[in-house]
Amino acid sequence: MKQAPIISRRLIAAALLVGLFSVPALGATDEAEVEVEIPTTLQPYNVRVFVAIDDNVEFQLNFRKRILAELRDRCDGYWGRMCTVSVEEFPRLFPATATTLDRLAITHESPEVANCDKAFFLTLQADGGGYLVAGKCWDATTRETSDVISSQVFRRSDIADRLFGLLSDLFEPIVEIADFDEKQVTLQIRAGELLPPDPSQAPLKAGRLLTPFYRFITREGDVRKIQEIPWTYLVVTDVDRATANCSIVSGLRVPLTTRRRRLIEVLAQGVRPKFDSTRLKFVSQQFTDHPMFGVTVSIVPEKSETTAAESTEESTGEEQSQVEKPEPVTMMTDRAGTVTISGDGTNLPIMLAVHSGKSALARVPLVPGLEAEAEIQLPDDSVRLNVEGQLAVLEAGVIDAVAKRAVLMARARSAIKANDWKSVDEFLERMDKISGPSRMQTELTIIRERGVSAAMARKDVSAKRRIERLCSKTSELIETYLSLDKINQFREETAELRKALGAK
C-alpha cells in the first residue's frame, strides 16, 4: 500500500485539529449567547400607542396621518431610548369617544397588547368649538388598566402635544426592589440607564409614590398570580440614574419578605392620587357585611426630620418641653361605618389610628385620593365592648358600696357620740349587708369567663387579652376600695368604746 504524500498527510492532520478545536469553541459561543441577559436598567419599554380618531368631516386622511406622525415624533423626542414606540390608528374603537374608551375591555390576551410592556389607547373627538382627547393605559407587568383621563384642546396645532401629555400622565414606571430593611428600600429602575432627552420625563423623581407587589412566575415564564401588598407605600427620597432609595410606610409589621425565590419577583409601580378624597369603610373581620359604626379615626401628625432638627437647635431645656405638638384630627364613623379623608395636596401617606373606646384596633397609612373608596377590616370588638359594659356596671356597684359604707360609718360615729348604741348596732348590721369584695370578685369571675369563652369561640386572641387586662384592673379596684380591713378596724374601735363606757 502506497503512503500518501507528506503534504497531504499534513493537510489532513491540520483539518482534524481545526475540527476538534472549532466545535467546542462554537458551542461555547452559543452557550454564552444564551446566558447573556440584558439588565433591567438597560431594558427599554416596548410601547404601543393606539389612536382612535372620531369619524368627523374635519378629520380627513391627511390630518389623521399627520397627527400620528407628530405624536410619534414627540414620543421619540421626549422619551428617546427609554421607550421603543409604535403609533397606529385604532379603527376598532367606534365611536371614538371617551365614553366608548372607558368601556373598552383590555386583557393580557387582547391582540393589541401582545409583546409589549405598555399599551396606550387614545381618542380624539370634536367637542363644540374645540377638541376632546382621552386616554388610558394597560400595563403588562401588573396586568391592570388605568382609569380614563381626558383633556380639552382648542387649537388643532396643540392636539399632538396634548395627546403626548396624556401619555406622559399615564406612564407609570416599573421598578425592581433590589434590597431593603425596616426603614429604607433600594430600587433598580426599568430603563433607568437610558435617560430620556427631556429630564421632565425621567421615570422617577424624589417625592414620587410607589406601591409594591409580588409577581409569581411559572417555570415556563408565565405570570401565575399578582399579589398586591396592602397598606404599604414607598416614597422616593433620592435617585441616581437607575438606582433609587425610598422610605417605606406600612401598616404591616413585615411588609416585604426577606426570603427571595427564583419564581417570585418583588416589584413596585408608580401611582398618583386621582381623586380629591377617599371614602373609608370600616367593617368587621368576622362579618364583612357588618359596618363598624362609632369607631374613632384619628389622623396622627408626624413631625418631619427638618422640623425636629430646627426645634432641637433653636430650643433647649424648658423651651423644648413647651413646644406644642400638633393635635391629631379626630373623626367618628357614621352608621354605615364610613369616614371621608380629604387630601392635603402633598400626595404623601398619612397615618390613621383607629380606636374603639380606649382600645386600639388598627394603625394604617393612607394616601387620600389614591382610591375613591377603600375598605378596612377591623377585629370585631363587640365581645370586648360587652364585657366593658358589664364591668362598668360592676364598678358602679363598687363605688355605690363604698359610698354607702362611708355614710353608715359616719352615722354610726354620730350615734356613738350620742350614746345611742341601739342605732350603732343597726348601722353595723346594715354595713354587713352591703356587698363585700368576695361577692364582687365572684361576679367579676363570671364576667371574665363568659367574655374569654366568647372571644375564644371566635378565635380572637387579641380580644381575650384585652378582656383579661380589663378584668385585672377591675379586680385591683375591688380589693383596694372594698377591703374589709377598714370595717374590721371600725368594729374593733366600736367594741373598745362600748366596753370603756360600760354600754350594753
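The values are calculated or read from the model by the stated rules, or taken from the named source; none is laboratory data. As the structure is a computational prediction, the values presented were derived from the model and not from experiment. Don't worry about glycine lacking a Cβ; one is built from the backbone with ideal geometry, like all the others, and counts go over all protein chains shown. Note: areas computed on protein heavy atoms with side chains; ligands, DNA, RNA excluded. Shrake-Rupley method; radii C 1.70, N 1.55, O 1.52, S 1.80 Å.
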Residue separation times 0.36 nm, minus the C-alpha to C-alpha distance between residue 372 and residue 254: what's the value? 39.8 nm
Note on region 93-150: the mean projected area of its alpha-carbon convex hull, in nm², is 3.9
Each label sits 7 Å from Cα toward the beta-carbon; between residue 276 and residue 103 the label points are separated, in nm, by 2.9
1.4 Å probe accessible area per residue over the chain, in Å²: 59
Could you tell me which of the pairs 136/274; 183/274; 225/459 are separated by over 19 angstrom between their Cα atoms in the structure shown? 183/274; 225/459
Using Cα pairs closer than 8 Å and at least 6 residues apart in sequence, work out the relative contact order for region 352-449, in percent. 22
Got a number for carbon plus sulfur as a percent of region 408-504's accessible area, 1.4 Å probe? 50
Computed FRET efficiency, Cβ-Cβ of residue 158 and residue 458, R0 56 Å: what is it to the nearest 0.05? 0.35
Listed by chain and number, the lysines with an alpha carbon less than 29 angstrom from that of residue 486, same-chain partners under 8 positions apart left out, are 404, 417, 422, 433, 473, 499, 504
What aspartates and glutamates sit close enough to residue 464 to cross-link, taking a C-alpha to C-alpha distance under 15 Å and skipping anything fewer than 8 places away on the same chain? 380, 381, 388, 449
How do 78, 233 rank by accessible surface area computed with a 1.4 Å probe, from largest to smallest? 78, 233
For region 150-287, give the percent of accessible area contributed by carbon and sulfur heavy atoms, probe 1.4 Å, rounded to a whole number. 46
Return a whole-number percent for the relative contact order of the chain, with Cα pairs under 8 Å and 6 or more residues apart as the contact set. 10
Estimated distance in nm for a label pair at residue 115 and residue 37, the labels positioned 7 Å out from Cα along Cα-to-Cβ: 2.2
Farthest toward positive dipole pole in region 66-202 [+1 Lys/Arg, -1 Asp/Glu at C-beta], among 140, 95, 128: 128
Give the angle, between 0 and 90 degrees and rounded to the nearest 10, that separates the Cα long axis of helix 485-501 from the longest principal axis of the Cα atoms of the chain. 10
Among all the aspartates and glutamates, which ones have a C-alpha under 12 Å from residue 118's C-alpha, if same-chain residues fewer than 8 places away are not counted? 139, 144, 172
Options (i) 67; (ii) 49; (iii) 44 are given for percent of Cα pairs over 31 Å apart, and the computed one is (i)
How big is the accessible area of residue 120 in square angstrom, nearest 10, if you roll a 1.4 angstrom probe over the protein chains? 0
Once the Cα gyration tensor of region 321-450 is diagonalised, what are the square roots of 5 times its eigenvalues, in whole Å and ordered largest first, as equivalent ellipsoid semi-axes? 53, 20, 10
